[in-house]
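Participant: The structure's right below; bear with me while I get my questions together.
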Amino acid sequence: MNRPPITDVLARHTPGLLALKGVTGTGEGAAGGQPIVVVFVRQDTPELRARLPRSLEGYRVVVRASGEVTAPPR
Amino acid sequence: MRRSTRLSLALVLTAAAALAFGCGQQGRLTSPNDHASALSARPAFDPSSVRVVAAMASQDRATPALLALSGVVGTGTSIDAAGDPVIVVYTERARVANLPEAIDGVPTTVVVSGTVVPYARPGGGPLQMGTSTGNDLECAAGTLGCVVVKGGVDYFLSNNHVFARENAASLGERIDAPGRYDAHPICNQTPQCANLSQFQAVSFSSNNTVDCAIARPISGLNYSAAEAGGYTPASTTVAAAVGLAVKKTGRTSGLTHGTIEAINVTIRVQYTDGIATFVNQIQTPGNFIRSGDSGSLMVTETGNNPVGLCFAGGSGASFANPIGPVLQALGVAIK
C-alpha cells in the first residue's frame, strides 16, 4: 500500500483529534505486524467513537481508553 | 507521585511521639534486640485509661531530658504483663547510663532498639533505587529512578513533579527517602537523602518531552545503583519500540512487567497547575505503574537497558518519557 510515513500522518492529524472532547492523546502502535494509529480517550463511548475516523491515510485507527491521565497518576 | 491532600505543618513530632504511637498500636521494631517478647503477653492496651493517660503525660514531660542522654533514641508508653503502665525508653545499645528506674512513680523499661532506620531500608542496608522519595516541603511519595552521573558526580534521577514540586522548587531543596507520605505517622519528616540539583521545567503552554529532575546524594549516604526489584540498570540505553518487553521497580507496585504498546505518543496530562501536553512518549498498559511509581525507570526485560522514565498514567494506560531526551536535558549518563 502506498501511504505516507505514520509519523507524518500523526503529526498532521493529532491537533484535530486532540480538539475533540474526550480525546487524551494519539500514538503509533501495531496490530498484526502492521503499524496503526492509536487514539487515547478518557472514556470509550459510542458517541465519541462516532466522531473518530476508522482510518487515517491508510492506517487503521484503534481506540484505547486511557482514563484521566495525571501526573501524579492517581 | 502520591500526595496527601495537604502538607501537615506539624513537622516537629519527636521520635518519642512516633514511637509512643507505634507502641500503642503494638507496632514492632525490627532490631534483633527487640524487646517485644517481654511485652508480648500483656493484656489489651487501653490508651484512654486514666493510668495510661497519666503515664503518657509523665512520658511527654520526661522525653526531652531522656533524649538528651547519649544512647537514647526514643520513648513510649506501654503496659507490662500485669496490665500496669510502663514508660519505655528506646536505646541504641545496652547499658545506657543514667536512666531513671521510674518517672513520676511509673516504672521504666528499656528496649534496646539499636539505631532506628527508615522502613525503606530494612536492615539498614544501602538505599536502593525503585524506592520511595519526595521533596521535604510536601507530604508526597514518588520513586527514586536510578543513579546517573555528571562530571564524575552521582545524582538520583526522578521526575520534576517528584523532586521539584512541579516547577515550584528552588535548587538545593531537601529530598527525603522515603517521601513523607510514607512516614509513620504519615507526613512526619523522613531522613534526608539528597538535595535538588537540577530540573527541567514542565511547560503548560508548549509541548514537553520530559518531566525530570536530579538530586545530589548527601555526603556519606549509603546507596546503591541496584533496583529493589533485584537488578541493576545497564549504562547503555535502548530506544522504545512497539512490542518491546520492559519492566520497572516503583515505590507502590514494586517490580512490574509489561510490553510497550505505543510510541511517538502525544498525550495531555493533568497536573496540579493545569494540563501539559507531552510528545514522543512511550505507552505501556495501565497496570504498569501506579500512583507513587512516578520517577521509576523503565528498562528492557532482558538486558536491563534503560528505555524510559515513568511519569504519568490513567486507569487504562501508563506513560513514560523516552530516556534519551531525559539524559540529554539534564546532561547526565546512566551510572
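Participant: Look at the stretch B:95-115 and say how many of its residues are of a type outside the set (Ser, Thr, Tyr), assigned to a loop (DSSP other than H, G, I, E, B) and modelled with pLDDT under 85.
Facilitator: We begin by selecting, within the stretch B:95-115, every residue of a type outside the set (Ser, Thr, Tyr); these are B:95-107, B:110-112, B:114.
Applying the additional criterion that residues be assigned to a loop (DSSP other than H, G, I, E, B) yields B:95-101, B:104-105, B:114.
So of that shortlist, the ones also modelled with pLDDT under 85 come out as B:95, B:114.
Matching residues across the stretch B:95-115 total 2.
Participant: From the list B:Pro185, B:Pro233, which one is in a loop (DSSP other than H, G, I, E, B), of a type outside the set (Ser, Thr, Tyr) and within 16 Å of B:Leu127 (Cα to Cα)? It would help to see each step written out before you state the result.
Facilitator: Values: B:Pro185 fails: within 16 Å of B:Leu127 (Cα to Cα).
Answer to the selection: B:Pro233.
Participant: From (1) among the β-branched types (Val, Ile, Thr); (2) at pLDDT 75 or above; (3) not in a helix (DSSP H, G or I), pick out the condition that doesn't hold for B:Val52.
Facilitator: (3)
Participant: Suppose the filter is closer than 18 Å to B:Val210 by Cα and modelled with pLDDT of 95 or more; does B:Pro306 pass it?
Facilitator: Working: closer than 18 Å to B:Val210 by Cα: yes; modelled with pLDDT of 95 or more: yes.
In short, yes.
Participant: Test each condition in (1) more than 7 Å from every other protein chain (Cβ to nearest Cβ); (2) surrounded by 24 or more Cβ atoms within 10 Å (Cβ to Cβ); (3) under 21 Å from A:Thr14 (Cα atoms) for B:Val269 and report the one that comes out false.
Facilitator: (1) is the only condition that B:Val269 fails.
Participant: Out of everything in the stretch A:31-68 that is surrounded by 19 or more Cβ atoms within 10 Å (Cβ to Cβ) and among the basic types (Lys, Arg), what residue ends up being nearest to B:Ala317 (Cα to Cα)?
Facilitator: Among them, the one singled out is A:Arg64.
Participant: Let me ask something additional. Touching a residue at least 40 places away in the same chain (Cβ under 8 Å) and not charged (D, E, K, R): does that describe B:Ile218? Steps first, please.
Facilitator: Details: touching a residue at least 40 places away in the same chain (Cβ under 8 Å): no; not charged (D, E, K, R): yes.
No.
Participant: Would you pick out the residues in the stretch B:230-251 that are buried (at least 21 other Cβ atoms within 10 Å of the Cβ) and away from every other protein chain (no Cβ under 14 Å)? Spell out how you get there, then give the answer.
Facilitator: Here is the first cut: in the stretch B:230-251, the residues buried (at least 21 other Cβ atoms within 10 Å of the Cβ) are B:233, B:240, B:246-251.
Hits for the stretch B:230-251 are B:Pro233, B:Val246, B:Lys247, B:Thr249.
Participant: Starting from residues that are of a type in the set (S, T, N, Q) and in contact with a Phe, Trp or Tyr (Cβ under 8 Å, 6 or more places away or on another chain), keep the ones in the stretch B:139-165 and report whichever is farthest from the other protein chains (Cβ to nearest Cβ).
Facilitator: Top of the filtered list is B:Asn160.
Participant: Shifting gears a bit: Can you list the strands (runs of 3 or more DSSP E) found entirely within the stretch B:237-317 that contain at least 2 residues being in contact with a helix residue (DSSP H, G or I) (Cβ under 9 Å, 6 or more places away or on another chain)? Break it down stepwise before answering.
Facilitator: Numbers: elements: B:245-250, B:254-259, B:262-271, B:274-285, B:297-300, B:306-313.
It comes to B:262-271, B:274-285, B:297-300, B:306-313.
Participant: Please note which strands (runs of 3 or more DSSP E) are completely contained in chain A and include at least 2 residues that are of a type in the set (S, T, N, Q). Give the steps one after another, and end with the answer.
Facilitator: On the way: elements: A:23-31, A:34-41, A:59-65.
Answer list for chain A: A:23-31.
Participant: Now, a different point. Just a yes or no: is a residue in the stretch B:272-287 at the interface with chain A (Cβ under 9 Å from one of its Cβ atoms), farther than 17 Å from B:Val246 by Cα, more than 26 Å from the chain's Cα centre (by Cα) and free of Cβ contacts under 8 Å to residues at least 12 places away in the same chain?
Facilitator: no
Participant: Do the conditions hold for B:Thr252, that is, is it more than 18 Å from the chain's Cα centre (by Cα) and more than 24 Å from B:Leu171 (Cβ to Cβ)? Step through it out loud before you land on a result.
Facilitator: Numbers: more than 18 Å from the chain's Cα centre (by Cα): no; more than 24 Å from B:Leu171 (Cβ to Cβ): yes.
Against the criterion (more than 18 Å from the chain's Cα centre (by Cα) and more than 24 Å from B:Leu171 (Cβ to Cβ)), B:Thr252 does not qualify.
Participant: Among the residues of the stretch B:142-160, which ones are of a type in the set (Gly, Ala, Ser) and either under 10 Å from B:Gly295 (Cα atoms) or modelled with pLDDT under 95 (or both)?
Facilitator: Within the stretch B:142-160, the subset of a type in the set (Gly, Ala, Ser) is B:142, B:145, B:151-152, B:158.
Once the filter is applied, which keeps residues that are of a type in the set (Gly, Ala, Ser) and either under 10 Å from B:Gly295 (Cα atoms) or modelled with pLDDT under 95 (or both), the stretch B:142-160 yields B:Gly142, B:Gly145, B:Ser158.
Participant: Of all residues in the stretch B:311-335, how many are surrounded by 18 or more Cβ atoms within 10 Å (Cβ to Cβ) and within 9 Å of another protein chain (Cβ to nearest Cβ)?
Facilitator: 8
Participant: Right, next: Sort through A:Thr14, A:Thr7 and tell me the only one that's within 20 Å of B:Glu261 (Cα to Cα), facing chain B (nearest Cβ under 9 Å), surrounded by fewer than 19 Cβ atoms within 10 Å (Cβ to Cβ) and out of contact with any helix residue (DSSP H, G or I) (no Cβ under 8 Å at 6 or more places or on another chain). Spell out how you get there, then give the answer.
Facilitator: On the way: A:Thr14 fails: surrounded by fewer than 19 Cβ atoms within 10 Å (Cβ to Cβ).
Sole residue among the options that is within 20 Å of B:Glu261 (Cα to Cα), facing chain B (nearest Cβ under 9 Å), surrounded by fewer than 19 Cβ atoms within 10 Å (Cβ to Cβ) and out of contact with any helix residue (DSSP H, G or I) (no Cβ under 8 Å at 6 or more places or on another chain): A:Thr7.
The values are calculated or read from the model by the stated rules, or taken from the named source; none is laboratory data. All values derive from a computational prediction rather than experimental measurement. Cβ atoms come from the backbone with ideal geometry, glycine included; neighbour counts cover every protein chain shown.
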